[in-house]
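The values are calculated or read from the model by the stated rules, or taken from the named source; none is laboratory data. Bear in mind the structure is a predicted one, so any value in this text is a computation, not a measurement. Cβ: placed from backbone, ideal geometry, glycine included. Neighbour counts: every protein chain shown.
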Amino acid sequence: MPLDAIPGIAQKFSKYLKKLGIETVRDLLWHFPTRYEDFTQIRKIAELEPGEQATVQGTVEEVNLRRTWRKNFTIVEAVIGDESGNIKAIWFNQPYVANSLRVGREANFAGKVSVSQEGDLYLNNPAYELARRASEDQETRHTARLVPIYPETRGLTSKGIRFLVQPILKNVETVPEWIPADILKNQALPEVNDALIAIHFPAEIEDAMRARNRFAFEDLFLLQLWNVGQKLKLKEEHARAIKHDVLWLKTIVEKLPFELTLSQKKSLWEILKDVEKPTPMNRLLQGDVGSGKTVVAALAGIVAAEHGFQTAFMAPTEILARQHFETLKKILKGVGVACEAGLLTSGGAKLFYQDGLEADIPKKELREHIGRGEVKIVIGTHALISGINHEPALAFKDLALVIVDEQHRFGVKQRQALLANQKLVPHFLSMSATPIPRTLMMTVFGDLDISTITELPAGRKPIETKVVPPEERTKTYEFIREEVKKGRQVFVICPRIDPSQTDADNTLTSANIKLPHGPAVSPRMSASRQRQSAILELKSVKEEYERLSKKVFPDLRLGILHGQLKSKEKERAMEEFATGNIDVLVSTSVVEVGVDIKNATVMMIEGSDRFGLAQLYQFRGRVGRGEHQSHCFLFTDSKGTSTHARLKAIVEAKNGFELAEKDLKIRGPGQFLGESQSGIPDIAMRALANVELVKSSRDAAAQITHADPTLKAHPLLKTRMEAFQRNIHLE
């Protein structure tokens, strides 16, 4: 039911409610409090203590309204008395209070007890409720109870929201319960109507917690059912069954110039067991920076090629695509497999022939080779399947495996683009160096099978990481210069510039009772802001390059790399750095993923407080790939406690998995996922960090799916599930 249809709401509150995304009765009832203020204890005035939150019940003895020298600024002062004494109450810039409080009226007053300059106690801006007549409803909204505090907007406070919610809760029709009764009983969860009352106006804080758990559980439960549904859907599709010869594979692995770690072998085996089935694989290969995910993926592609099938290997940037191409060439040469491989980017095309030769060829020619099935492994950016510079998407003759790097999951649009030209569904393998915390692995990524590489290759030294305050800059610069003199090289990353970072935030004050909740999720950056951010980032990197080359390292050879360079210019800059002709490469976050320069031993990050922990970890992983000791310097001018706590986490984290758990704890699931448009409600998003709730929702989903896979026996649950599926879009 639209709120506009309720008399009295349209004129007074409608425009403010819409700012909060509230347009219907359901929207309002599902606009949950973030915390509660405890005004349950009615105190005698003589017993009040400075600083406490309290409710007093008394009679209005005096009311005065006065204006200050500041224009339009008013102060209302009232004296409230009970049998134990009296106390003053003060309201600032709320002149209507003087009209509401009449001398002789009885009322409840709830607020903070403060101390004046003269040492007298007073109530600072208390909420108040006039005593009701005996014939009236005696339940309070704003005093003498646990008082709910809601997300607010200018023009609509929590008091106004309480004023709306309480009568609607009393008169609304019974909400149908769609969670099966046995699941409610097994999970000890309240029924939906009881939960609504308890979350808005709880008698005890424990009631609010149980209600909040119920609403968090229901969305996690739906998410787990969605995961099961996605897996069942995939089982209905058909893919190429890629068998492998164990002895042949063992021979190939033994020819590698390095030994695979135990978890690399395990991950490769899991992938190969998946692709030999006639249903599509949907697997995520996760591993620390530099753990050797690319080698595992390349071997899977080589197995597919041996059976005559094609593989598309997609990277997020052209720089990384070229690097994967170089890695693949080395592997093919090393193991002696006759396999044609191609590189296709906006900057051009390369073909690696079966006899180990390589040539630049026209893009059209490479596309024809791919279309005839002659090129078995094709490497490029994500544009391989969506087209490059208005060119059509690639047409494969027999695409059996798709590998996508630095992406947790293969998106719906990517899948549709591939299926448009394919009779059979390819096997999907995603790779990521940003490990997923355990609870997210069980929920948001529960539709995926996950392989994890836990070790780094033998011989790698831990990277020494240090936070550098302003007073230690000069000393750090000298250390970097000494490293270059030893023949080492340096990355300098310039701070990320977000055009919205100067926007003011509207935040609520803290409270004496808080329910567990994480930070708000920032909206996705618009296209115009992305362009503005790119311009500011370009300006930042150019200014840093000028400063370092002229004032700090005039004696060293510096290069510059940023996203606005043309493909050939980026390639040339990286080639110069890789061959040792550049000592210090000043860059934007374009080097965040994948770049592999073994002689680079120093990562210097300016404005490190402007990057997320996962990004910083990725940056740090660009060094430490060779035999020499590597260092990461996190430069910051910030004095903030929270900033240093975040940076301390990356200094102390032993690996990416440990850091991911810390990052989740610090930022909350919403910001960790970096996706406000996931369709997961806020209350469930915050609950993703609750391991026990995640486990119980998964168990309940498994129970219902086993008993009723199509939900035919649970029509209300099926309807609710269909609505959830329309809103969920985890890319």
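Looking at region 225-247, is at least one residue under 24 Å from PHE428 (Cα atoms), basic (Lys, Arg) and within 27 Å of the chain's Cα centre (by Cα)?
First, pick out the residues of region 225-247 that are under 24 Å from PHE428 (Cα atoms): 225-246.
Going one step further and asking which of them are basic (Lys, Arg), we end up with 231, 233, 235, 240, 243.
After this cut, where a residue has to be within 27 Å of the chain's Cα centre (by Cα) as well, the list is 231, 233.
Yes - at least one qualifying residue is present in region 225-247.
Search region 418-433 for residues being at pLDDT below 75 and surrounded by fewer than 21 Cβ atoms within 10 Å (Cβ to Cβ), and hand back the single one that is farthest from ARG620 (Cα to Cα). Step through it out loud before you land on a result.
Of the residues in region 418-433, the ones at pLDDT below 75 are 418-423.
Applying the additional criterion that residues be surrounded by fewer than 21 Cβ atoms within 10 Å (Cβ to Cβ) yields 419-423.
Working: LEU419: 37, ALA420: 39, ASN421: 40, GLN422: 40, LYS423: 43 Å.
It comes out as LYS423.
Would you mind listing the strands (runs of 3 or more DSSP E) fully within region 9-126 where at least 1 residues are in contact with a helix residue (DSSP H, G or I) (Cβ under 7 Å, 6 or more places away or on another chain)?
Values: elements: 35-38, 53-67, 74-82, 85-92, 106-115.
It comes to 35-38, 53-67, 74-82, 85-92.
Tell me, yes or no, whether region 90-109 has at least one residue that is at pLDDT 90 or above, among the β-branched types (Val, Ile, Thr), closer than 16 Å to ALA127 by Cβ and more than 48 Å from the chain's Cα centre (by Cα).
no
Going through region 605-653 one residue at a time, which ones are charged (D, E, K, R) and touching a residue at least 60 places away in the same chain (Cβ under 8 Å)?
Scanning region 605-653 gives GLU606, ARG610, ARG620, ARG622, ARG625, GLU627, ASP637, LYS648.
Among (1) crowded, with 16+ Cβ neighbours inside 10 Å; (2) in the same structural domain as PHE13 (by TED's automatic domain parsing), there is one condition ASP27 misses while meeting the rest; what is its number?
Failing condition for ASP27: (1).
Using the structure shown, decide if ASN171 is more than 20 Å from LEU688 (Cα to Cα), more than 25 Å from the chain's Cα centre (by Cα), modelled with pLDDT under 90 and not basic (Lys, Arg). Steps first, please.
Working: more than 20 Å from LEU688 (Cα to Cα): yes; more than 25 Å from the chain's Cα centre (by Cα): yes; modelled with pLDDT under 90: yes; not basic (Lys, Arg): yes.
Considered against the rule, which asks whether it is more than 20 Å from LEU688 (Cα to Cα), more than 25 Å from the chain's Cα centre (by Cα), modelled with pLDDT under 90 and not basic (Lys, Arg), ASN171 comes out as yes.
List the pairs whose first member sits in region 353-373 and is assigned by TED's automatic domain parsing to the domain that holds ARG322 and surrounded by 14 or more Cβ atoms within 10 Å (Cβ to Cβ), whose second member is assigned to a helix (DSSP H, G or I) and of a type in the set (S, T, N, Q), and whose Cβ atoms are under 8 Å apart, counting only residues at least 6 apart or on separate chains?
none
If SER642 satisfies all but one of (1) outside the structural domain of VAL492 (by TED's automatic domain parsing); (2) surrounded by fewer than 16 Cβ atoms within 10 Å (Cβ to Cβ), what's the number of the condition it fails?
With (1) outside the structural domain of VAL492 (by TED's automatic domain parsing); (2) surrounded by fewer than 16 Cβ atoms within 10 Å (Cβ to Cβ) applied to SER642, the lone miss is (1).
For region 318-338, state whether one or more residues are under 37 Å from the mean Cα position of the chain (by Cα), farther than 17 Å from VAL295 by Cα and in contact (Cβ under 8 Å) with a residue 12 or more places away in the chain.
yes
Determine whether GLU47 is over 33 Å from the mean Cα position of the chain (by Cα), at pLDDT 85 or above and surrounded by fewer than 18 Cβ atoms within 10 Å (Cβ to Cβ). Steps first, please.
Numbers: over 33 Å from the mean Cα position of the chain (by Cα): yes; at pLDDT 85 or above: yes; surrounded by fewer than 18 Cβ atoms within 10 Å (Cβ to Cβ): yes.
Yes.
Which of the following residues is at pLDDT 70 or above and among the small types (Gly, Ala, Ser): ALA684, ALA689, ALA702?
Details: ALA684 fails: at pLDDT 70 or above; ALA689 fails: at pLDDT 70 or above.
Every option except ALA702 fails the conditions.
Scan region 534-588 for residues that are of a type in the set (D, E, K, R) and under 18 Å from THR476 (Cβ atoms) and report the count. Break it down into steps so the answer makes sense when it comes.
From region 534-588, those of a type in the set (D, E, K, R) are 537, 539, 542-544, 546-547, 550-551, 555, 557, 566, 568-572, 575-576, 583; that's our starting set.
Still in the running and under 18 Å from THR476 (Cβ atoms): 544, 547, 551, 555, 583.
Within region 534-588, residues that are of a type in the set (D, E, K, R) and under 18 Å from THR476 (Cβ atoms) number 5.
Looking at region 629-643, which of its residues are in a helix (DSSP H, G or I) and under 8 Å from ASP609 (Cα atoms)?
Across region 629-643, the qualifying residue is only THR643.
Based on what the data block shows, is GLY104 among the small types (Gly, Ala, Ser) and over 30 Å from GLY119 (Cα atoms)? Let's see the steps before the verdict.
Working: among the small types (Gly, Ala, Ser): yes; over 30 Å from GLY119 (Cα atoms): no.
For GLY104, the condition - among the small types (Gly, Ala, Ser) and over 30 Å from GLY119 (Cα atoms) - is not met.
Please enumerate the residues belonging to region 332-354 that are among the aliphatic types (A, V, I, L, M) and touching a Leu at 6+ places or on another chain (Cβ under 7 Å). Outline the logic, then answer.
Looking only at region 332-354, we keep the residues that are among the aliphatic types (A, V, I, L, M), and these are 332, 335, 337-338, 341, 343-344, 349, 351.
The answer is VAL335, ALA341, LEU344, ALA349, LEU351.
Residue by residue, here is whether (1) outside the structural domain of LEU328 (by TED's automatic domain parsing); (2) surrounded by 20 or more Cβ atoms within 10 Å (Cβ to Cβ); (3) farther than 30 Å from ILE179 by Cα holds:
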| residue | (1), (2), (3) |
| --- | --- |
| LYS231 | yes, no, no |
| GLU259 | no, no, yes |
| LEU268 | no, yes, yes |
| ILE271 | no, yes, yes |
| LYS293 | no, yes, yes |
| VAL296 | no, yes, yes |
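Considering each of LYS15, LYS112 in turn, give the residue that is surrounded by 14 or more Cβ atoms within 10 Å (Cβ to Cβ) and of a type outside the set (A, V, I, L, M).
Residue meeting the stated conditions: LYS112.
Under 8 Å by Cβ, and 6 or more places apart or on different chains, what pairs join a residue from region 181-198 that is over 20 Å from LEU28 (Cβ atoms) with one that is of a type in the set (Val, Ile, Thr)?
Filtered contacts from region 181-198: ILE183/ILE704; LEU189/ILE179; LEU189/ILE183.
Report, by residue number, each residue of region 274-288 that is farther than 14 Å from LEU448 by Cβ and in contact with a helix residue (DSSP H, G or I) (Cβ under 6 Å, 6 or more places away or on another chain).
Initial filter on region 274-288 (farther than 14 Å from LEU448 by Cβ): 275-279, 287-288.
THR279, GLY287, ASP288, listed by residue number.
Within region 33-43, does at least one residue satisfy the condition of being in contact with a Ser or Thr (Cβ under 8 Å, 6 or more places away or on another chain) and of a type in the set (Asp, Glu)?
Checked region 33-43: no residue is in contact with a Ser or Thr (Cβ under 8 Å, 6 or more places away or on another chain) and of a type in the set (Asp, Glu).
Can you tell me how many residues in region 277-295 are in contact (Cβ under 8 Å) with a residue 60 or more places away in the chain and over 27 Å from the mean Cα position of the chain (by Cα)? Even if it seems obvious, please write down each step before you answer.
Residues of region 277-295 that are in contact (Cβ under 8 Å) with a residue 60 or more places away in the chain, as a first pass: 280-294.
Of the ones still in play, those that are also over 27 Å from the mean Cα position of the chain (by Cα) are 280.
Final tally of qualifying residues: 1.
Answer with yes or no whether PRO516 is modelled with pLDDT of 75 or more, more than 30 Å from GLY380 (Cα to Cα) and either part of a loop (DSSP other than H, G, I, E, B) or under 25 Å from the mean Cα position of the chain (by Cα) (or both).
On the way: modelled with pLDDT of 75 or more: no; more than 30 Å from GLY380 (Cα to Cα): yes; either part of a loop (DSSP other than H, G, I, E, B) or under 25 Å from the mean Cα position of the chain (by Cα) (or both): yes.
No: the conditions fail for PRO516.
Filter region 148-175 for residues that are assigned to a loop (DSSP other than H, G, I, E, B) and closer than 22 Å to TYR128 by Cβ and give the result. Lay out the reasoning, then the answer.
Keep residues of region 148-175 that are assigned to a loop (DSSP other than H, G, I, E, B), which gives 150-152, 154-155, 157, 172-175.
Passing the criteria: TYR150, GLU152, GLY155, THR157.
Here are the criteria: (1) crowded, with 16+ Cβ neighbours inside 10 Å; (2) out of contact with any Phe, Trp or Tyr (no Cβ under 6 Å at 6 or more places or on another chain); (3) not hydroxyl-bearing (Ser, Thr, Tyr). Tell me which single one ALA341 does not satisfy.
Every condition holds for ALA341 apart from (2).
Contact list please: Cβ distance under 8 Å, first residue in region 98-127 and basic (Lys, Arg), second residue assigned to a loop (DSSP other than H, G, I, E, B), pairs at least six apart or on different chains.
Partner pairs satisfying both residue conditions: ARG105/ALA131; LYS112/GLY51; LYS112/GLU52.
Which condition breaks for GLN629 when tested against (1) within 20 Å of PHE553 (Cα to Cα); (2) at pLDDT 90 or above?
In the conditions (1) within 20 Å of PHE553 (Cα to Cα); (2) at pLDDT 90 or above, GLN629 misses (1) alone.
Going by the conditions given, is ALA349 buried (at least 24 other Cβ atoms within 10 Å of the Cβ) and out of contact with any Cys (no Cβ under 6 Å at 6 or more places or on another chain)? So that I can check it myself, show each step before the final result.
Details: buried (at least 24 other Cβ atoms within 10 Å of the Cβ): no; out of contact with any Cys (no Cβ under 6 Å at 6 or more places or on another chain): yes.
No.
Checking the structure you have, find out if any residue of region 481-498 is exposed (fewer than 12 other Cβ atoms within 10 Å of the Cβ), more than 21 Å from GLY640 (Cα to Cα) and at pLDDT below 90.
Just the residues of region 481-498 that are exposed (fewer than 12 other Cβ atoms within 10 Å of the Cβ), to begin with: 482, 485-487.
Filter once more, keeping what is more than 21 Å from GLY640 (Cα to Cα): 482, 485-487.
With at pLDDT below 90 added as a condition, the list becomes none.
There is no residue in region 481-498 that is exposed (fewer than 12 other Cβ atoms within 10 Å of the Cβ), more than 21 Å from GLY640 (Cα to Cα) and at pLDDT below 90.
From the set of residues in region 178-219 that are surrounded by fewer than 21 Cβ atoms within 10 Å (Cβ to Cβ) and of a type in the set (S, T, N, Q), which is modelled with the highest pLDDT?
Step by step, filter region 178-219, then rank; the result is ASN193.
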